[in-house]
Amino acid sequence: MSTRSEATRRDDHPFCKVASIDKSRNEDERWEVGGMTQAQFAGGTVDAPRARPEKGQLIRGFTLISALGQPISISDYRGRSNLVLVLAGGDSGNPDLEILTEFAANYGQFREEQAEVLAILQCDRERAVQIAHQTGLPFPLLVDEDGRIHRSAGAVDRSSRPAVAIYVTDAFGEVFAVYRAAEGQTMPSAQQIVKSLSFINMQCPECGHPEWPN
């Protein structure tokens with residue numbers, strides 16, 4: 001069985017994890033996958049094509065700058081918080097921003113379920129600062145100015161414009177729920193998200209978790 005130390009990764013695909021499959025191959029050869037189940041991660045056997053993470057797979061970490069100018073990484077929350085990632089466009093009048101307002105109003109319930117919300121907007125930092133001031137969000141607002149994270153997460157439509165997407169993960173990066181408007185899915189209410197988080201927290205506490213993918 002391949003060990004964690006035998007895996008190699010690269011950073012050119014934010015939502016992807018890369019793992020070595022065949023130890024006989026040159027260590028410079030790498031494979032990109034959209035996500036991995038915990039069993040695949042532990043065993044080091046992955047043959048899936050590059051794709052977006054789905055339920056039961058792992059999201060790899062990434063770092064973005066917040067509206068406050070601070071770098072925030074997914075790995076900052078490793079082992080500490082479940083995560084609710086909300087990806088949306090930052091255009092003025094975008095109705096998707098109402099989701100952030102709803103989540104802000106229910107933020108206390110998210111925190112009770114040991115979760116943090118990260119809003120990831122495709123816009124420039126100046127616009128992100130405006131949104132942060134207008135909405136008074138109690139959770140971090142991150143700037144994906146070049147849209148790289150949105151594209152990797154499937155949060156763009158066929159015209160490559162931002163389309164809202166929501167990922168709910170446990171504290172170790174496993175996706176428990178995913179919603180993508182670009183695929184015709186309806187976005188969940190805050191209460192639906194709270195129920196998903198409650199389900200995560202009911203899982204077996206003795207179950208082992210892999211290290212957060214870097």
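Below, the figures for the structure above:
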quantity: Qualifying residue in the range 63-76 (condition: buried (at least 20 other Cβ atoms within 10 Å of the Cβ), under 23 Å from Ile200 (Cα atoms) and modelled with pLDDT of 90 or more); calculated: yes
quantity: Per-region count, the range 139-183, residues in a loop (DSSP other than H, G, I, E, B), of a type outside the set (A, V, I, L, M, F, W, C) and closer than 21 Å to Gly56 by Cβ; calculated: 3
quantity: Number of the exception - Phe103 against (1) assigned to a loop (DSSP other than H, G, I, E, B); (2) modelled with pLDDT of 95 or more; calculated: (1)
quantity: Failed item, numbered, when Val129 is tested on (1) β-branched (Val, Ile, Thr); (2) in contact with a Pro (Cβ under 8 Å, 6 or more places away or on another chain); (3) farther than 27 Å from Gln191 by Cβ; calculated: (2)
quantity: Pairs with Cβ under 8 Å, 6+ apart, first in the range 92-112 and outside the structural domain of Phe139 (by TED's automatic domain parsing) and surrounded by fewer than 20 Cβ atoms within 10 Å (Cβ to Cβ), second at pLDDT below 95 and not in a helix (DSSP H, G or I); calculated: none
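The values are calculated or read from the model by the stated rules, or taken from the named source; none is laboratory data. Worth saying up front: this structure is predicted, and the values here are computed from it rather than measured. Quick reminder, even Gly has a Cβ in these numbers, built from the backbone with ideal geometry, and neighbours come from all protein chains shown.
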